[in-house]
Amino acid sequence: MSDQDLPARLRAVFVEALDDSEVELDPALSMGDIEAWDSFAHINLMLGIEATFGVEFDSEEIGSLLSVGQILEALRRRLEAAGS
């Protein structure tokens, strides 16, 4: 998967987890910016990311990934590590 595909695939996970087809991802977008992105949606979002990309995050990391930028960076690290 190319790095260019990553944002589009991640957006699809956000759309499903937040039930919002209008959501536009920006690295600065955080949990507090979207009403539907509550703690329950966050868990569903992270589970969706793990399933979609075949990665795993520990519970402490899941609790610290509260913006699109943080999620993208952590996801890229996981994908790079898996490709090594």
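The values are calculated or read from the model by the stated rules, or taken from the named source; none is laboratory data. Please read these numbers as outputs of a predicted model, since none were measured by experiment. As a convention, Cβ positions derive from the backbone with ideal geometry for all residues, glycine included, and neighbour counts pool all protein chains shown. Ligands, DNA and RNA are excluded from the accessible area calculation, which covers all protein heavy atoms including side chains. Shrake-Rupley method; radii C 1.70, N 1.55, O 1.52, S 1.80 Å.
From SER39, SER67, which residue is open to solvent by 60 Å² or more (accessible area, probe 1.4 Å) and of a type in the set (Ser, Thr, Tyr)?
SER39
Can you pull out the residues in the range 30-48 that are of a type in the set (A, V, I, L, M) and either more than 16 Å from ALA74 (Cβ to Cβ) or in contact (Cβ under 8 Å) with a residue 40 or more places away in the chain (or both)?
Listed by number, the residues that qualify are ILE34, ALA36, ALA41.
Looking only at the range 42-64, filter to residues that are farther than 15 Å from VAL15 by Cα and among the β-branched types (Val, Ile, Thr); which one of those is surrounded by the most Cβ atoms within 10 Å (Cβ to Cβ)?
ILE62
Confirm whether VAL23 is open to solvent by less than 60 Å² (accessible area, probe 1.4 Å), in contact (Cβ under 8 Å) with a residue 24 or more places away in the chain and in contact with a helix residue (DSSP H, G or I) (Cβ under 7 Å, 6 or more places away or on another chain).
For VAL23, the condition - open to solvent by less than 60 Å² (accessible area, probe 1.4 Å), in contact (Cβ under 8 Å) with a residue 24 or more places away in the chain and in contact with a helix residue (DSSP H, G or I) (Cβ under 7 Å, 6 or more places away or on another chain) - is not met.
Quickly run through the range 10-37 and pick out the residues that are at pLDDT 95 or above and assigned to a helix (DSSP H, G or I).
Result: LEU10, ARG11, ALA12, VAL13, PHE14, VAL15, GLU16, ALA17, LEU18, MET31, ASP33.
Identify all residues within the range 39-84 that are in contact with a Leu (Cβ under 9 Å, 6 or more places away or on another chain), among the polar types (S, T, N, Q) and assigned to a helix (DSSP H, G or I); write none if there are none.
ASN44, THR52
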